1. Looking only at the range 351-370, count how many residues are open to solvent by 50 Å² or more (accessible area, probe 1.4 Å) and either basic (Lys, Arg) or outside any helix (DSSP H, G or I) (or both).
2. Provide a single number: the residues in the range 191-205 that are among the small types (Gly, Ala, Ser) and in a loop (DSSP other than H, G, I, E, B).
3. Go through the range 14-36 and report how many residues are in contact with a strand residue (DSSP E or B) (Cβ under 6 Å, 6 or more places away or on another chain) and either among the hydrophobic types (A, V, I, L, M, F, W, C) or surrounded by fewer than 16 Cβ atoms within 10 Å (Cβ to Cβ) (or both).
4. Take Leu277 and tell me if it is open to solvent by 60 Å² or more (accessible area, probe 1.4 Å), part of a helix (DSSP H, G or I) and farther than 27 Å from Gln104 by Cα.
5. Return the total of residues in the range 127-144 being within 17 Å of Asp54 (Cα to Cα), among the charged types (D, E, K, R) and under 26 Å from the mean Cα position of the chain (by Cα).
6. Report the residue count in the range 285-316 for those that are within 27 Å of Cys110 (Cβ to Cβ), within 27 Å of the chain's Cα centre (by Cα) and open to solvent by less than 70 Å² (accessible area, probe 1.4 Å).
7. Applying the selection to the range 181-206, what residues are open to solvent by less than 20 Å² (accessible area, probe 1.4 Å) and of a type in the set (Ser, Thr, Tyr)?
8. For residues that are open to solvent by 40 Å² or more (accessible area, probe 1.4 Å) and out of contact with any helix residue (DSSP H, G or I) (no Cβ under 6 Å at 6 or more places or on another chain), tally how many sit in the range 207-234.
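The values are calculated or read from the model by the stated rules, or taken from the named source; none is laboratory data. Note that the coordinates shown come from a computational prediction; the quantities given were computed from them, not determined experimentally. Counting neighbours? That spans all protein chains shown, and the Cβs are built from the backbone with ideal geometry, glycine included. In case anyone asks, the SASA skips ligands and DNA or RNA and just uses the protein heavy atoms, side chains included. Shrake-Rupley method; radii C 1.70, N 1.55, O 1.52, S 1.80 Å.
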Amino acid sequence: MTLLTDSQSLADFCARQKNADFITVDTEFLRESTYWPRLCLVQIGGPKEAAAIDVLADGLEVGPMLDLMATESLIKVFHAGRQDMEIFYRLMDGALPRPIFDTQVAAMVCGFGDQVSYERLVKDLEGEQLDKGSRFTDWSHRPLTDRQLEYALADVTFLRSLYRKLKKKLDANDRASWLDAEMDILTAPATYASNPAEAWRRIKSRSGNRRYLAILRELGAWREREAQRRDIPRNRLVRDEQLVDIAVHKPRSVDALARTRGISHDMARGKLGEGILKAVEAGLALPDGECPAAENKAPLPSGIGPVVELLKVLLKARCEAHDVAQKLVANSADLELIAASDDADVPALKGWRRDIFGQDALRLKHGELALTLKKQQVEVVER
């Protein structure tokens with residue numbers, strides 16, 4: 001087991017991986033008490049060696065590691081890599097590792113089901129049972145134990161073989177291009193950019209009143225910026241339900257704010273209260289025409305429910321026939337939109353998804369196809 005704690009060892013290791021076809025990558029981090037994930041360890045596996053990089057080691061210069069991640073001739077292999085990519089987005093000042101290959105997405109294309117776990121893939125493809133006893137360990141504590149390092153490195157050593165086997169299966173099925181759109185999303189900076197002005201959309205609202213929403217938007221933006229500045233979880237600063245209550249009652253004084261459940265007079269008089277009251281004032285001062293409107297979901301046509309249910313059956317049948325995860329093709333909201341319109345702007349009506357499901361979905365909807373049972377199996381038949 002190799003643990004790299006000094007800059008020269010890391011530079012030498014990265015130099016040896018530069019000319020490889022691919023590397024496997026994983027991270028260990030904590031974020032329970034912070035806004036930003038606190039990176040503790042990076043694991044990288046080359047074709048012939050693997051190492052854990054102690055990014056908390058004093059004086060460690062991680063530049064060679066970031067250069068390796070930015071090398072475009074080198075495929076970076078992750079499993080369920082969205083959170084790992086978020087970490088590198090911050091480390092690389094808004095840039096991202098590319099190109100990448102996500103084995104979870106590849107497994108969905110290869111028929112292993114929705115969001116298949118790393119442990120299951122290792123068991124199914126390698127016949128090995130991983131020890132996940134260190135899953136919830138404190139990765140910031142030093143020194144790391146041998147068991148922790150063994151756990152961490154297993155997340156990149158088995159990943160090498162998983163990548164080769166899944167890539168081989170994708171190439172054999174001519175499905176490598178099916179991953180392109182998903183990888184494009186994972187390597188798009190917009191996927192990880194934080195826009196405080198949009199934070200309010202994550203809060204469950206009790207009203208569609210535009211003035212209320214204007215105040216909630218200002219409160220959400222204030223909380224997001226303040227949580228980032230303090231590096232604490234947003235709900236540890238002020239909870240969602242408190243922001244909703246404030247947006248409803250529109251307090252304009254310390255005493256009025258202190259009536260909010262969970263906010264004391266001391267808090268209301270302090271910097272936190274000052275920020276909240278300024279956000280409320282900003283929301284109240286916004287011109288009527290600039291207040292946000294609720295995103296009301298268009299009502300579905302009457303009687304469309306049975307059509308959606310038929311499309312669900314077709315989706316399941318087509319995905320089983322093509323050995324691909326249903327979640328990768330369409331979700332329930334997509335099916336509702338397809339049932340309502342032939343021109344629905346959903347992935348299922350584009351590209352390879354249209355080929356294996358979308359076109360048949362439209363034909364079923366228009367009575368050109370029918371569903372029947374034969375020997376307890378759903379069959380799609382021409383009418």
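1. 5
2. 3
3. 5
4. no
5. Residues in the range 127-144 being within 17 Å of Asp54 (Cα to Cα), among the charged types (D, E, K, R) and under 26 Å from the mean Cα position of the chain (by Cα): 1 in total.
6. Number satisfying all stated conditions: 2.
7. Of everything in the range 181-206, just one residue is open to solvent by less than 20 Å² (accessible area, probe 1.4 Å) and of a type in the set (Ser, Thr, Tyr), namely Thr187.
8. Selection size over the range 207-234: 9.
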